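To start, the structure itself, in structure tokens.
The values are calculated or read from the model by the stated rules, or taken from the named source; none is laboratory data. This structure is a prediction, so every number in the text was calculated from the model and none was measured. Positions of Cβ are backbone-derived with ideal geometry, glycine not excepted, and every protein chain shown enters the neighbour counts.
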Amino acid sequence: MDEIRNDWTKEEISEIYHSPVLDLMYRAATVHRNHNDAQEVQVCTLLSVKTGGCPEDCAYCPQAARYHTEVKVHKLLPVAEVLDNAKAAKESGSTRFCMGAAWREVRDNRDFDSVLEMVKGVNSMGMEVCCTLGMLTEEQALKLKEAGLYAYNHNLDTSEEHYDEIISTRDYDDRLDTLENVRNAKISVCSGGIIGMGEQHKDRIGMLHTLATLPEHPESVPVNALVPVEGTPLEDQPRVSVWEMVRMIATARIIMPKAMVRLSAGRVRMDLEEQALCFMAGANSIFAGDKLLTTPNPDTVEDKEMFQVLNLKPRKAYKGEASVKFQQIPSAIDQ
Ligand code: SAM
Ligand code: DTB
Ligand code: SF4
């Protein structure tokens, strides 16, 4: 069995990433089968609970206030509306519900209290509840944990070296500090990045290196293909080829064998065969529903067909070793 290592060097990761692509896929598929049920794919749903008007300058993001995009600003949704959405997501087969807010950071105010209510509500439905709300202090992470938060998403997005080209309003260490606060609060960590933002291969390798050499690997690693949005500085970036997604996913799978590797943004521009290559390379989760946060995502009906054609089965909530560590309510198991 491949051992779980946190001492990968950039050279080792580079060698894996640059290996002949079919060998790379074969190795990743083997590692995947050694550690996970390769037929299982987790279906997650995203909901933007607070949209647009964000003070940050992330070059890829349609929700940054300073860019002129078609995103309509919306204040925090009412708790009941969010819970209705979560119920619908559960009924359509999702086992993880992720709430995103276009905030730079969490503030200790009434909106945060409402988010804590949302977390409590979704957790009591037996779904893994995840949030992505920007930077967090350790106290805020503990409050979320207490409310029943299972996972927190906070992406590194790119390498430390390329970071300044993409975001100037916070730095890489801020990102790492939040991940540490999440980890210390015993919340499951979800962190990955985006490809197709003009980065070089060495930046992708650098980002994977940072993730794989954290004291503990993130339990979840989203790999997003940039969705170029009109009005953002990255609006004209060319589409990434599926082989680049395959290299990223396969390398992540080999160096972090037990992580859920999420084929996240960018699926609308991939056909079934391309997505199949990503599952073969070790991806084992998708976001379902016709919208990600603000951009389109494949149709639920098409995704159901894809599961049938590829003989995939949706993974249950709270499954695997991580769930024992992060479980909130034992009665939710097997619901
Ligand atoms: N504001 C919070 C933050 O930045 O941490 C949470 C929401 S933010 C939209 C969550 C993640 O979505 C970002 O870190 C980025 O990786 C991803 N994302 C945003 N816009 C994207 C785009 N156009 N294409 C691909 N991924 C995107
Ligand atoms: C992640 O890595 N990808 C998701 C989730 N984490 C929050 C978000 C993708 C957002 C794509 C752009 C949008 O829809 O606004
Ligand atoms: Fe704001 Fe998050 Fe978008 Fe950056 S990625 S502009 S922090 S919503």
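Yes/no matrix, rows are residues, columns are (1) surrounded by fewer than 23 Cβ atoms within 10 Å (Cβ to Cβ); (2) touching a residue at least 60 places away in the same chain (Cβ under 8 Å):
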{"position": "185", "(1), (2)": "yes, no"}
{"position": "189", "(1), (2)": "no, no"}
{"position": "193", "(1), (2)": "no, no"}
{"position": "208", "(1), (2)": "no, yes"}
{"position": "216", "(1), (2)": "yes, yes"}
{"position": "221", "(1), (2)": "no, no"}
{"position": "253", "(1), (2)": "no, yes"}
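Does residue 91 satisfy being farther than 22 Å from residue 63 by Cα, more than 16 Å from ligand 2 (Cβ to nearest atom) and surrounded by fewer than 19 Cβ atoms within 10 Å (Cβ to Cβ)?
So residue 91 passes the test.
Based on what the data block shows, is residue 34 of a type in the set (S, T, N, Q), exposed (fewer than 15 other Cβ atoms within 10 Å of the Cβ) and at pLDDT 95 or above?
Yes, satisfied.
What strands (runs of 3 or more DSSP E) lie completely within the stretch 191-301 and have 1 or more residues being within 22 Å of residue 93 (Cβ to Cβ) and aromatic (Phe, Trp, Tyr)?
285-288
I'd like to check something: does the stretch 309-323 contain any residue that is among the hydroxyl-bearing types (Ser, Thr, Tyr) and at pLDDT 95 or above?
Within the stretch 309-323, not a single residue is among the hydroxyl-bearing types (Ser, Thr, Tyr) and at pLDDT 95 or above.
Are any of the residues in the stretch 61-68 free of Cβ contacts under 8 Å to residues at least 40 places away in the same chain, away from ligand 3 (no atom under 16 Å from the Cβ) and surrounded by fewer than 21 Cβ atoms within 10 Å (Cβ to Cβ)?
So far as the stretch 61-68 goes, no, none of its residues is free of Cβ contacts under 8 Å to residues at least 40 places away in the same chain, away from ligand 3 (no atom under 16 Å from the Cβ) and surrounded by fewer than 21 Cβ atoms within 10 Å (Cβ to Cβ).
Six or more apart or on different chains, Cβ under 7 Å: which pairs go from a residue in the stretch 114-134 that's in contact (Cβ under 8 Å) with a residue 12 or more places away in the chain to one that's within 16 Å of ligand 3 (Cβ to nearest atom) and assigned to a loop (DSSP other than H, G, I, E, B)? Could you list them?
114/76; 115/133; 132/154; 133/103; 133/106; 134/103; 134/104; 134/106
Taking the condition of being in contact with a strand residue (DSSP E or B) (Cβ under 7 Å, 6 or more places away or on another chain) and within 16 Å of ligand 3 (Cβ to nearest atom), how many residues in the stretch 224-244 meet it?
3
Among all residue pairs at least 6 apart or on different chains, which show Cβ distances below 8 Å where the first residue, located in the stretch 16-31, is under 11 Å from residue 251 (Cβ atoms) and of a type in the set (A, V, I, L, M, F, W, C) and the second is at pLDDT 95 or above and in a loop (DSSP other than H, G, I, E, B)?
Within 8 Å, the pairs are 24/281; 25/281; 28/281; 28/282; 31/257; 31/282.
Within the stretch 127-145, can you find the residues that are more than 15 Å from ligand 1 (Cβ to nearest atom), surrounded by 19 or more Cβ atoms within 10 Å (Cβ to Cβ) and of a type outside the set (A, V, I, L, M, F, W, C)?
Those that are more than 15 Å from ligand 1 (Cβ to nearest atom), surrounded by 19 or more Cβ atoms within 10 Å (Cβ to Cβ) and of a type outside the set (A, V, I, L, M, F, W, C): 128, 143, 145.
Hey, can you tell me all the residues within the stretch 281-303 that are more than 16 Å from ligand 3 (Cβ to nearest atom) and either more than 26 Å from residue 34 (Cα to Cα) or of a type in the set (D, E, K, R) (or both)?
288, 289, 290, 296, 297, 298, 299, 300, 301, 302, 303
Does the stretch 95-113 include one or more residues that are touching a residue at least 40 places away in the same chain (Cβ under 8 Å), within 16 Å of ligand 1 (Cβ to nearest atom) and part of a helix (DSSP H, G or I)?
For the stretch 95-113, residues touching a residue at least 40 places away in the same chain (Cβ under 8 Å), within 16 Å of ligand 1 (Cβ to nearest atom) and part of a helix (DSSP H, G or I): present.
For residues that are aliphatic (A, V, I, L, M) and within 16 Å of ligand 3 (Cβ to nearest atom), tally how many sit in the stretch 137-181.
Here the count works out to 5.
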